[in-house]
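Trainee: Shown below is the structure under consideration.
The values are calculated or read from the model by the stated rules, or taken from the named source; none is laboratory data. Keep in mind that what you see is a predicted model, and the values were worked out from it rather than measured. FYI the Cβ positions are ideal-geometry reconstructions off the backbone, even for glycines, and counts take in every protein chain you see. For the accessible areas, the whole protein counts, side chains as well, though only heavy atoms, and no ligand, DNA or RNA atoms are used. Shrake-Rupley method; radii C 1.70, N 1.55, O 1.52, S 1.80 Å.
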Amino acid sequence: MTQHQMRRDALANFLRTRRARLTPAEVGMAPGLRRRTPGLRREELAVLAGVGVTWYTWLEQGRDINPSPEVLGSLARTLRLSPAETDYLFRLAGSRPVPRGTIAPAEPPAALVRLVRAQSPWPAFLIDGGWDVRAWNSEAEALFDFSRWEPEDRNIAWIMFAHRPARERTVDWERHARRLLAQLRADYAQLGGNGTAGGRQLAELIHRLRDHYPQANRWLDEHQVQDRSNAPVKELRHEAVGLLRIEQLTLRAPDELQLLVLTPSDEESDQRMRLLGHTVSVG
């Protein structure tokens, strides 16, 4: 059996099990008589999803057909799939998962906040899909002064341009500011652009940077795009501990949250970084 056939069979099994768990009452249908299984019938699901009964039957039989992203989205909504299940459905069908573009909850999960604090003595902070900083440890406070900002301005891209101490601490600030804007463009596209809530949040941030900072406006017009992988070593010159050569590790979490951890790239930076937490306290 080929890998392609195995994936089709897995897709067929997944659809059958998810259809079987969905009751008529959950979709506003009367249960009816002589129903041998508690779940929906194939023809019922096909009608609700707006697809042909024969075509859907072939899909559940593992035949070699290629559903469009629009059809997969309709099936996911009809089957009441979770975001993870929807991604799984798209991947089994050989299609790229749709961007979720969600906005993070008002309060980040307590477990993630604990994870941020546990990264000490390395600076760490949690950002949402709009790049707003949601949690941080004392070492990150020493570098970026997050507690001094109102929540609406506590954004890693905004601080990069608006906070003079952060600019002065960053060696070769222009190079890193340009890279940050290129990453901002990449995240905007990954979230689905203006078609999603998260994408619109980043679009507003981009417009705000353009309006307030001519440099940002000029560099954004270059349309550079980069992700956070393979980021170069960054140098920060902190007034209390001296020069820090750091690398950035990015870990993605649910709801478009991202944990960013700054680690030392050499032994000297390691020793100096361990002193950061003693220079401030998180408010």
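Trainee: For the range 195-204, indicate whether the set of residues that are more than 24 Å from the chain's Cα centre (by Cα) and aliphatic (A, V, I, L, M) is non-empty.
Mentor: Looking for residues that are more than 24 Å from the chain's Cα centre (by Cα) and aliphatic (A, V, I, L, M), one finds none in the range 195-204, hence no.
Trainee: Only one of Leu249, Leu257 is touching a strand residue (DSSP E or B) at 6+ places or on another chain (Cβ under 7 Å) and open to solvent by less than 70 Å² (accessible area, probe 1.4 Å); which?
Mentor: Leu257
Trainee: Another question about this same structure. Give just the number: which of (1) open to solvent by less than 80 Å² (accessible area, probe 1.4 Å); (2) over 27 Å from Glu107 (Cβ atoms); (3) at pLDDT below 95 does His223 not satisfy?
Mentor: Checking His223 against (1) open to solvent by less than 80 Å² (accessible area, probe 1.4 Å); (2) over 27 Å from Glu107 (Cβ atoms); (3) at pLDDT below 95, the one that fails is (1).
Trainee: Next question. How many residues does the range 146-155 hold that are in a loop (DSSP other than H, G, I, E, B) and either open to solvent by less than 10 Å² (accessible area, probe 1.4 Å) or modelled with pLDDT of 95 or more (or both)?
Mentor: Total satisfying the criteria: 1.
Trainee: Would you confirm, using the coordinates I've provided, whether Arg134 is free of Cβ contacts under 8 Å to residues at least 12 places away in the same chain and either more than 17 Å from Gln226 (Cβ to Cβ) or open to solvent by less than 20 Å² (accessible area, probe 1.4 Å) (or both)?
Mentor: No, not satisfied.
Trainee: Another question about this same structure. If we keep just the residues of the range 251-283 that are among the hydrophobic types (A, V, I, L, M, F, W, C) and over 18 Å from Gly129 (Cβ atoms), which is nearest to the chain's Cα centre (by Cα)?
Mentor: Val261
Trainee: Any chance the range 261-282 includes a residue that's under 26 Å from Glu139 (Cβ atoms), open to solvent by less than 30 Å² (accessible area, probe 1.4 Å) and at pLDDT below 85?
Mentor: no
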